[in-house]
1. In whole Å, what are the Cα extents of the stretch 33-150 along the three principal axes, biggest one first?
2. Which of I95, I144 has the fewest other C-beta atoms within 10 Å, and how do the rest follow up to the most?
3. How charged is the neighbourhood of V63? Take every other residue with its Cβ under 15 Å from the Cβ of V63, and add Lys/Arg as +1 and Asp/Glu as -1.
4. If the cut-off is a Cα-Cα distance under 30 Å, which lysines reach K30, setting aside same-chain residues fewer than 8 apart in sequence?
5. Determine which residues of the stretch 107-151 fall in the zone a paramagnetic label at K51 would reach in this model, i.e. backbone nitrogen under 13 Å from the point 7 Å along Cα→Cβ.
6. Based on the Cβ-Cβ distance from K59 to R150, what FRET efficiency comes out when R0 is 25 Å, to the nearest 0.05?
Amino acid sequence: MRRLLIGLLVIGFVFQSGVGADEDSNDAVKKERKRLEGTWQVTSLVVGGNKSKKEDVQKLTVVNGDDGTRSVLSEGKVVSKGTSTLAPMAEPKTIDFTATEGGGSGDRFVGIYQLGKKKRKLCFVRADQERPTEFTSTAENKYILVAYKRVE
């Protein structure tokens, strides 16, 4: 009987710890989404080690909602929409996203990100490949590396 009570206490503690961690994680995600919300101008794009031309990159913007939605625009026209999930407590911070409309609809990606007040960086790859662990893009790793600045 005593073992059963101790077991139940341990399970209760673990369950409460898990709930607290989930609540902390949910709060962290909400705060991070709020920081991410808004319009971001692409300033640099490297795909598989190949840097895109500045004049092409300047045409691209991304609008992030505080609910995990995002729209990619080229010259002001929506070319893709999608959703994302964040893990801001991971090191490095991780992001998974799915294209839901437009180009690449249904495609899933995994990546890492850095987020500052006015700048952010994203490194990602298709979900069938291993998640990046550093912000690089080479012909070997085929990662996509994007830098943004916040549109004021």
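1. Taking the Cα atoms of the stretch 33-150, the three principal extents are 33, 33, 30 Å.
2. Details: I95 24, I144 18.
Placing the least packed residue first, the sequence is I144, I95.
3. Net local charge, V63 excluded: +4.
4. K59, K77, K81, K93, K117, K118, K119, K121, K149
5. Zone members listed by number: 137, 147.
6. 0.90
A short reminder: the numbers here are calculations on the coordinates, not readings from a lab. All figures in this text were calculated on a predicted structure; none of them were measured in a lab. Neighbour counts run over all protein chains shown; Cβ positions are idealised from the backbone, glycine included.
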